[in-house]
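Below is one structure; the comments refer to it alone.
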Amino acid sequence: MSEIKSNRELWGVDFPIGSEWDAGVTAPHVPPEKAGRWTVRREAEGFAVTFHHFQSGVEDLLTTFPPTETGEVAAKIHALACRLAPLIK
C-alpha cells in the first residue's frame, strides 16, 4: 500500500469541509448485508469515517478524528483498515 497523504500534502490546500475521500467498497464476495462503501467525510468538527450499506441505504458513523492534517491521515488509515479487515485473517 502506498503512503497515505493529506490533502495539503497532495494539493497544497486543506481538505474542504463537506468533501469526501473514498476508501473503497467491501470485497465482492461478502454477504449482501455487509456490502457497502467506506468514506472519510470532512465535517466542521473533524473527519468522520462512515460505512454506507448498499442493501439498506443506511450510513453508519464509525468514528471521528480531529480536524487536523494528522486527524485526516488517521481517518484515511482507519477507513482503509476497516475495509481491508475482512480480507486479513
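The values are calculated or read from the model by the stated rules, or taken from the named source; none is laboratory data. Treat the numbers as computed from the prediction; the structure is a model and nothing was measured. So basically every Cβ, Gly included, is an ideal-geometry build from the backbone, and we count neighbours across all protein chains shown. Ligands, DNA and RNA are excluded from the accessible area calculation, which covers all protein heavy atoms including side chains. Shrake-Rupley method; radii C 1.70, N 1.55, O 1.52, S 1.80 Å.
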Degrees, to the nearest 10: 69-84 long Cα axis against longest axis of the chain: 10
Computed magnitude of the charge dipole of the stretch 1-45 (debye, nearest 20; Cβ of K, R +1, Cβ of D, E -1): 100
Loop chymotrypsin sites (Phe, Trp or Tyr not before Pro), the stretch 1-77 (other Cβ atoms within 10 Å of the site Cβ: 15 or fewer; DSSP): PHE54
The chain: relative contact order in percent, alpha carbon pairs under 8 Å with at least 6 residues between: 25
Global geometry of the stretch 31-88, whether rounded, prolate or oblate, following the gyration tensor of its Cα atoms and the 1.5 cut on a/c: oblate
Mean residue ellipticity (222 nm) of the chain, computed from DSSP H runs ≥ 4 via -39,500 (n - 2.57), nearest 500: -7000 deg cm²/dmol
Residue among TRP21, TRP11, HIS53 farthest towards the positive dipole end of the chain, charges placed on Cβ: HIS53
Student exercise, the chain dipole from Lys, Arg, Asp, Glu Cβ charges, in Debye to nearest 20: 320
Accessible area in the full protein assembly, largest first, 1.4 Å probe, for HIS78, HIS29: HIS29, HIS78
In the stretch 1-55, the GluC sites (Glu not before Pro) that fall in loop regions by DSSP, at most 12 other Cβ within 10 Å: GLU3, GLU45
